[in-house]
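The values are calculated or read from the model by the stated rules, or taken from the named source; none is laboratory data. Owing to the predicted nature of the structure, the values given are computational and were not obtained by experimental measurement. Ideal geometry is used to build each Cβ from the backbone, glycine not excepted, and the neighbour counts take in all protein chains shown.
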Amino acid sequence: MRLAIITDIHSNLIALKRVLAHIEEMGAERVCCLGDIVGYGPFPNECVELIRSKCSVVVAGNHDAALAGKVSLRRFDRAGQKALKWTQKTISEDNLAFLRGLPLVTMDQDLTFAHSSPARPDEWKYILAPAEAREAFGAFSTPICYVGHTHIPIVIGEDLSINAFRKGGRFLINVGSVGQPRDGDPRAAFGLFDTEKWSYDLVRLEYDVQQAAEAVRKAGLPKVLATRLISGY
Ligand code: ZN
């Protein structure tokens, strides 16, 4: 079975639609979402509804948890706070209830799914380098734990190797971000995993970044949230 793993959509409906259409074309059987469906962008309801209808696994990100009242807005930068306040006014009761009910970590098909580190997931730690992954490996028992949160794709092995995925080892895999990449490549990113071949690929996909940036500006959201879509940082 082929699974697509998506994360950090951040209310970017233009990127999400492009990614989901591509996943369908590729014939992946399931889509798993690692959270941060909302925050930053102008289409929270549309994105939550698409995720609800297309994903078989969904966990909460820190922006989703903030909207659900579980994380203080003070933990976000100014643009993030403004966007969350805007989203509070925009999100429907029904979609908010869905976000409120999401788990922080879940296991499915011998895989672990979390937004940030599976070790104390409510602390929303960033894993950017192998040394920061050490504690995380003690917090899951499956061969692979898929994560998001940093918006920067990376594969970290239990031996602290980087980007050297192979069958037999244990790995923490960050699949990048659909809606706000921060690795200097503005294309949408997501992961594709084949449970039979035990193969993993990171997929990058061009979408209409200018249209997405224009929608951010039109909604009156902070300008930096539009420009960073174009720069990819
Ligand atoms: Zn995020």
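Some values worked out for this structure:
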read-out	value
Residue in segment 81-98 that is farther than 20 Å from Pro222 by Cα and not in a helix (DSSP H, G or I) present	yes
Enumeration of residues in segment 167-217 that are of a type in the set (Phe, Trp, Tyr) and more than 14 Å from the chain's Cα centre (by Cα)	Phe171, Phe193, Trp198, Tyr200, Tyr207
Members of segment 107-146 that are closer than 27 Å to Gly69 by Cα, aliphatic (A, V, I, L, M) and more than 16 Å from the chain's Cα centre (by Cα)	Met107, Ala119, Ala136, Ala139
Residue check, Thr112 of a type outside the set (Phe, Trp, Tyr), closer than 18 Å to Gly157 by Cβ, touching a residue at least 12 places away in the same chain (Cβ under 8 Å) and not in a helix (DSSP H, G or I)	yes
Residues being away from the ligand (no atom under 15 Å from the Cβ), not aliphatic (A, V, I, L, M) and not in a loop (DSSP other than H, G, I, E, B) - total across segment 32-59	7
Every residue from segment 9-64 that is buried (at least 24 other Cβ atoms within 10 Å of the Cβ) and small (Gly, Ala, Ser)	Ser11, Ala15, Gly35, Gly39, Gly41, Ala60, Gly61
Residue that is farthest from the ligand (Cβ to nearest atom), among those in segment 158-179 that are of a type in the set (Gly, Ala, Ser) and within 30 Å of Gly39 (Cα to Cα)	Gly176
Close pairs (7 angstrom Cβ cut-off, 6 or more residues apart or separate chains): touching a residue at least 12 places away in the same chain (Cβ under 8 Å) and within 16 Å of Tyr146 (Cα to Cα) in segment 98-109, in a loop (DSSP other than H, G, I, E, B) and among the polar types (S, T, N, Q) anywhere	Met107/Thr142; Gln109/Thr195
Segment 140-150 - residue that is part of a loop (DSSP other than H, G, I, E, B) and under 12 Å from Phe171 (Cα atoms) and, of those, nearest to the ligand (Cβ to nearest atom)	Phe140
Qualifying residue in segment 79-95 (condition: buried (at least 19 other Cβ atoms within 10 Å of the Cβ), touching an Asp or Glu at 6+ places or on another chain (Cβ under 6 Å), under 18 Å from Gly179 (Cα atoms) and at pLDDT 95 or above)	no
Boolean, Asp122 is away from the ligand (no atom under 15 Å from the Cβ), of a type in the set (Asp, Glu), within 19 Å of Ser141 (Cα to Cα) and at pLDDT below 95	no
Which listed residue is free of Cβ contacts under 8 Å to residues at least 24 places away in the same chain and of a type in the set (Ser, Thr, Tyr), from Thr227, Thr195	Thr227
Filter result (away from the ligand (no atom under 16 Å from the Cβ) and within 16 Å of Gly148 (Cα to Cα)) within segment 1-31	Leu3, Ala4, Val31
Selected residue (only one of Ala131, Ala164 is out of contact with any Cys (no Cβ under 7 Å at 6 or more places or on another chain) and part of a loop (DSSP other than H, G, I, E, B))	Ala164
